[in-house]
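Worksheet for the structure shown next.
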There are 2 protein chains.
Amino acid sequence: MVSRVESAAATRRALLDAAAGLLDSGGPGAVTLRAVGARAGVTRGAPYRHFPDKDSLLTTVAAEALDRLADQVQAVRADPRLSPADKLHRGLSALMTVGRRRPHLYRLMFTYPAGDPAAIHAAKRAGDRAMGEFLAIVGGVVGAEHTRRFAPLLLTSVHGITDMEVNGHLSADKWHVTAEELVTTLVAMIDRQAHSG
Amino acid sequence: MVSRVESAAATRRALLDAAAGLLDSGGPGAVTLRAVGARAGVTRGAPYRHFPDKDSLLTTVAAEALDRLADQVQAVRADPRLSPADKLHRGLSALMTVGRRRPHLYRLMFTYPAGDPAAIHAAKRAGDRAMGEFLAIVGGVVGAEHTRRFAPLLLTSVHGITDMEVNGHLSADKWHVTAEELVTTLVAMIDRQAHSG
DNA sequence: ATTCTCAGATGACTTTGTCACCTGAGTGAC
DNA sequence: GTCACTCAGGTGACAAAGTCATCTGAGAAT
């Protein structure tokens, strides 16, 4: 027997999964509320029982993705078997992997959130949490006194590298560099900078 | 007396300007072909005489913006009164200024281009040209042997900084840094790296 | 002068976001 | 246990917007 609230929660979950799935397979254009509903086993109007509008649904998808990223980074940070340098490498890899494996979702995660205030707040909160986890990892590498400058620099830079790669502005055969190479160079530079002058 | 081709060219121009204007003032959601047509003084169907579809129109807007950016950077690069370091600073400022003054256009410029092959090609071409101009400027600062690595790194990083700022992920009161500070740090680091080891 | 070409207008169709309203199954009060 | 209630979900409807077929009229070629 399923209670009413259980069924409702399951539908909500199915809607979010359907939206993310459609986004992955067909890009933003494929995400219509009708298609989302169909994929979740309900009809066009049903999503409005769970989200005030389409933007809020999408922003919630982004918020969940940011939260999962934050979880991953948190797990990396808390893993006692990893050295600070390894943690940094894995954390950054987690970010880039989202961009490569789920480019449309990645785009959504870093777009200015829209929709109702609750969804927007959730997205900002999740984004800040992910950022905070990264900050802590970077702090373990460069030392607290350098974190304020280098952590955001590293994050924004790696985001830029990922974003441009995802959007085809980093054609390897034209600029003769890979994203990995850029990140490696960047990390080495920051490391050196923080541990010398 | 206006010839037919003059009138057609003027309409095409008006359509592109109208699209860019609507994008600036109301975001992507405000750019409808009907609104574009109205703002350009024609009706809904007229844009299809100049662009095969909406995506192609938008991609052309992006291509023109990238071309204008390339022009600016080229002008900076060719200015004999500027030192290499000044050129770099002004070039990067040009990029960030687009992001701040015209955030929606900035987003469009760095999104994977859609539409007909001609428009896509124009956008990629313009993007590559802008990238090439930046590359030349960076080469003047760090020396040819370091350009391949540092130029794309600098560009992607500054793009990432700008993108995250534009999308509200760099709230100064939370992370206690400004975009300027990040760029300054980055440039100083690259400069130092290229001129020492 | 006649015919042709093409920019632009118009009507129509389709997709999609959104809302008002309806319905039926769990749920709490008695 | 009965009854009214709440709310998830279904359905009809509407408006906005992309797109196309078709029409028209003014400049261009002959």
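The values are calculated or read from the model by the stated rules, or taken from the named source; none is laboratory data. This one's a predicted model, so the numbers in the text were calculated from it and none came from an experiment. Quick reminder, even Gly has a Cβ in these numbers, built from the backbone with ideal geometry, and neighbours come from all protein chains shown. Accessible surface is based on the protein model in full, side chains and every heavy atom, while ligands, DNA and RNA are left aside. Shrake-Rupley method; radii C 1.70, N 1.55, O 1.52, S 1.80 Å.
Annotations
- Residue in segment A:19-29 that is in a loop (DSSP other than H, G, I, E, B) and modelled with pLDDT of 95 or more present: yes
- Taken over segment B:174-197, residues that are under 23 Å from A:Ile120 (Cβ atoms) and more than 8 Å from chain A (Cβ to nearest Cβ) amount to 1.
- Some residue of segment A:130-145 being facing another protein chain (nearest Cβ under 8 Å), within 28 Å of A:Asp24 (Cα to Cα) and part of a helix (DSSP H, G or I): yes
- Search result, residues across segment B:148-173 that are surrounded by fewer than 19 Cβ atoms within 10 Å (Cβ to Cβ) and more than 7 Å from chain A (Cβ to nearest Cβ): B:Ser171, B:Ala172, B:Asp173
- Given (1) at pLDDT 95 or above; (2) over 27 Å from B:Leu108 (Cα atoms), index of the condition A:Pro152 fails: (2)
- Residue that is nearest to DNA strand C (Cβ to nearest atom) [pool: residues in segment B:66-80 that are within 14 Å of chain A (Cβ to nearest Cβ) and out of contact with any Asp or Glu (no Cβ under 7 Å at 6 or more places or on another chain)]: B:Leu66
- Residues in segment A:83-111 that are of a type in the set (Lys, Arg), surrounded by 15 or more Cβ atoms within 10 Å (Cβ to Cβ) and in a helix (DSSP H, G or I): A:Lys87, A:Arg90, A:Arg107.
- Members of segment B:33-64 that are outside any helix (DSSP H, G or I), within 10 Å of DNA strand D (Cβ to nearest atom) and touching a Leu at 6+ places or on another chain (Cβ under 8 Å): B:Arg44, B:Phe51
- Neighbours by Cβ (under 6 Å, 6+ apart or cross-chain): first from segment B:35-55, in contact (Cβ under 8 Å) with a residue 40 or more places away in the chain and among the small types (Gly, Ala, Ser); second part of a helix (DSSP H, G or I) and within 10 Å of DNA strand C (Cβ to nearest atom): none
Rundown of residues vs (1) more than 9 Å from DNA strand C (Cβ to nearest atom); (2) more than 14 Å from chain A (Cβ to nearest Cβ); (3) open to solvent by 20 Å² or more (accessible area, probe 1.4 Å), yes/no style:
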residue	(1), (2), (3)
B:Ser7	no, yes, yes
B:Ala19	yes, yes, no
B:Ala30	yes, no, yes
B:Ala35	yes, yes, yes
B:Ala38	yes, yes, yes
B:Val42	no, yes, yes
B:Asp55	yes, no, yes
